[in-house]
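Notes follow the structure.
None of the figures in this text is laboratory data; all of them are computed from the coordinates on show. Being a predicted model, the structure only gives us computed values, none of them experimental. All Cβ positions, even for glycine, are placed from backbone atoms using ideal geometry, and neighbour counts span all protein chains on display.
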Amino acid sequence: MKRVINKAVNLDLVGVNGNAFMIMGVFGRQVRKEGWSQDEIDTVLKEAKSGDYNHLLATIENHCEPKDEEHDH
């Protein structure tokens, strides 16, 4: 799957409650914190919601690139 927009957020979904609304909420908070525009957020979430749960998860995960803080030193 390709990205809907060519951006990624520093977010690791491991350990996030698997509920679709929780995943979208965590994603939404993080992208706002990182300064994404409302249009960018809406584009990703619209695509995420256009299919089933697995599509939602794959779309959001595809826009996440968690930075490994421990190995950046």
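Numbers below:
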item: Which of Q30, M1, G51, positive extreme of dipole for the chain (C-beta unit charges); result: G51
item: MRE, 222 nm, helices only [DSSP H, n ≥ 4, -39500 (n - 2.57), over the chain, to nearest 500]; result: -15000 deg cm²/dmol
item: Nonlocal amide H pairs with V4, under 5 Å, H built at 1.01 Å; result: none
item: Cα centre as origin, Lys/Arg/Asp/Glu Cβ charges: the chain dipole, Debye; result: 320 debye
item: Amide H partners (placed H, <5 Å) of C64, local residues excluded; result: V9
item: Convex hull volume per residue for segment 20-71, taking Cα atoms only, in Å³; result: 81 Å³
item: Difference of contour (0.36 nm per residue) and Cα-Cα distance, H55 to V16; result: 12.4 nm
